[in-house]
There are 2 protein chains.
Amino acid sequence: MLSKSQISLVSSLQHKKFRRQHHLFIAEGLKSVVEFTQSGYDTEAIYYTPQFAPKLLNLSKKINTQEISEAELKRITALKTPSGVLALIRIPATQDINYNLLRNKFSIVLDGVQDPGNMGTIIRTADWFGIQHIICSEDTVDVYNPKVVQATMGSLSRVNIHYTDLNKLLPALKLPVFGALLDGTNIYQTSFGTEGLVLMGNEGNGIRPEILPLISTSVTIPQAGKAESLNVAIATAIFCSEISRNTLK
Amino acid sequence: MLSKSQISLVSSLQHKKFRRQHHLFIAEGLKSVVEFTQSGYDTEAIYYTPQFAPKLLNLSKKINTQEISEAELKRITALKTPSGVLALIRIPATQDINYNLLRNKFSIVLDGVQDPGNMGTIIRTADWFGIQHIICSEDTVDVYNPKVVQATMGSLSRVNIHYTDLNKLLPALKLPVFGALLDGTNIYQTSFGTEGLVLMGNEGNGIRPEILPLISTSVTIPQAGKAESLNVAIATAIFCSEISRNTLK
């Protein structure tokens, strides 16, 4: 049975303040939980309903697991339809970005993306296309928000997320910065070369003015219809796809 | 002031059964509401908070508008952060699909897409790329679901959505069917030609087995990383982008 303090701890992790205080976040769903346990993240605890017991047999014996009832799971889940397995995963210590790791490849830079679903989908898409690093402005939604973790479908365990001051980092990196804007060059005619950063802005306001001068090439997805804009996760995916197409040539 | 019967009507429209019974759906947000009123949809009523009064002055005088309080809006909105304007829009009468309207262009076919956010994002993306028709299996999420309408950001007013039996329609149309599958030909090397259908499956189960034989070309977005799959709205967008790139050549 879950103790009151366990319930209180897990519930508190819905909030960024307590995630930072306890250095823990929540992952739900068998696939997601297994991927975190297998990929170098420290797992603090796994709570599971009886039907999932056989599926967790192969986990390291060092991991603290606890069987709980469906009713208990409902008290701690962040999901409308809980999936039967919930883990507390340790937030890795923040490390300085190693600039050399960003050379000879493409990375994504997010300037103030706010929606957890968008953030999670961007991480999942990056993972599909083999993009290993996402650099976020400090006001980008917290990647350990349970809705973000859920939307990544396990990909968060494979993509590195950095939060930093873009105003300082972008000039220091000395990499080409491809900014997604509405008045840039046609993405289908853009030469992306072999390395660079794809910079995407906030859902409502786009890339903030003080970041605009740091863009080396403004790039636009040509519009044939009348929608005012594309969703930021959709636009990011089209950039990833175009870069992938260019690289695979 | 809103009457009890008005509140009851608007609240009932959260449910498909009552949307069908009243032939009405809810649109929220100034931009979305204005786009519906200007695009051939019949507007049954517009409810707005005082601050939006000046922004609605240009609407046709024939539309029934009513100023309500913030508290009243909170009772009828489907949004967590209501946007100040809510309209009841008449669901257009179902029309048979005119096959000729689908020639010499690309349309999207959805086989059982369930998530309202995905559906709305697909409509918004289609609108960006100038795709005018989306054909849905009968079990695809209802396009008049308030969460779908919200995610389209006004694009629902410009894209035609048809619900039908795909098993009957696809053979009758005699158009190339490009099916998004994990083991098809590389999308970047696919010749899409000048007309066809892009077929996307359900979030968890993909395209259902009885539809698979109706695919003329299986197409895959090459995977460079380790994510198990792409989100369906993301995959649809990459197909739209590739077709747009091919067509613009």
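Here are a few things to note about the model shown:
- Rounded if a/c under 1.5, otherwise prolate or oblate - the stretch B:53-97, Cα gyration tensor axes: oblate
- R0 of 25 Å, Cβ-Cβ distance A:Lys174-A:Gln21: FRET efficiency to nearest 0.05: 0.10
- Counting only whole DSSP H helices of chain B, the ones at least 20 Å long by C-alpha along their axis and with mean Kyte-Doolittle hydropathy no lower than -0.5 are B:232-248.
- On the basis of the beta-carbon distance and an R0 of 25 Å, A:Leu101 and B:Gln223 show a calculated FRET efficiency of 0.70.
- Ranked by the mean number of other Cβ atoms within 10 Å of their residues, highest first, the peptides B:10-16, A:55-61 come out as B:10-16, A:55-61.
- Mean separation of Cα contacts under 8 Å, 6 or more apart, over the residue count of the stretch A:4-90: relative contact order %: 43 percent
- Checking the Cα-Cα distances for A:Lys105/A:Lys168; B:Lys31/B:Lys147; A:Lys17/A:Lys105; A:Lys80/B:Lys226; A:Lys4/B:Lys74; A:Lys55/A:Lys80 against a 25 Å cut-off, the pairs over it are A:Lys17/A:Lys105; A:Lys80/B:Lys226; A:Lys4/B:Lys74.
- Inter-copy spacing of A:Gln223 label points, which lie 7 Å from Cα along Cα→Cβ, given in nm from shortest upward: 3.4
- Across the stretch A:119-169, the volume of the C-alpha convex hull divided among the residues equals 64 Å³ per residue.
- Shielding by partners for peptide A:114-127, expressed as the average number of C-beta atoms from other protein chains within 10 Å of each residue's C-beta, is 3.
- Relative contact order for the stretch A:1-154, counting Cα pairs under 8 Å that sit 6 or more residues apart, in percent: 29 percent
- With each label modelled as a point 7 angstrom along the Cα→C-beta vector, the B:Leu79-A:Gln132 pair spans 4.2 nm.
- A label point on B:Leu79, set 7 Å along the Cα-to-Cβ line, lies at 2.9 nm from each of its counterparts in the other copies, closest listed first.
- Whole-Å distance, taken between Cα centres, linking the stretch B:231-249 and the stretch B:60-109: 26 Å
- DSSP beta bridges in the stretch B:99-248 [antiparallel fraction, %, rounded to 5]: 5 percent
- Label geometry 7 Å along the beta-carbon vector: B:Gly193 inter-copy distances in nm: 4.1
- Exposed loop sites here mean GluC sites (Glu not before Pro) with a DSSP loop assignment and at most 14 other beta-carbon atoms within 10 Å; chain B contains its longest site-free run at B:1-137.
- The shape of the stretch A:4-90 comes out oblate: with a ≥ b ≥ c from the C-alpha gyration tensor, a/c is at least 1.5 while a/b does not beat b/c.
- Helical runs assigned H by DSSP (4 residues or longer) give chain A a calculated mean residue ellipticity at 222 nm of -9000 deg cm²/dmol, each run adding -39500 (n - 2.57) before division by the residue total.
- The protein assembly as shown: radius of gyration over Cα atoms, expressed as a fraction of 2.2 N^0.38 Å: 1.02
- Over all directions, the projected convex hull of the C-alpha atoms in the stretch B:99-248 averages 8.3 nm² in area.
Computed from the coordinates by the stated procedures, all read-outs in this text should not be read as laboratory data. For clarity, every value in this text was computed on a predicted model and none was experimentally measured. Neighbour counts are summed over all protein chains in view; Cβ atoms, including those assigned to glycine, are modelled from backbone coordinates with ideal geometry.
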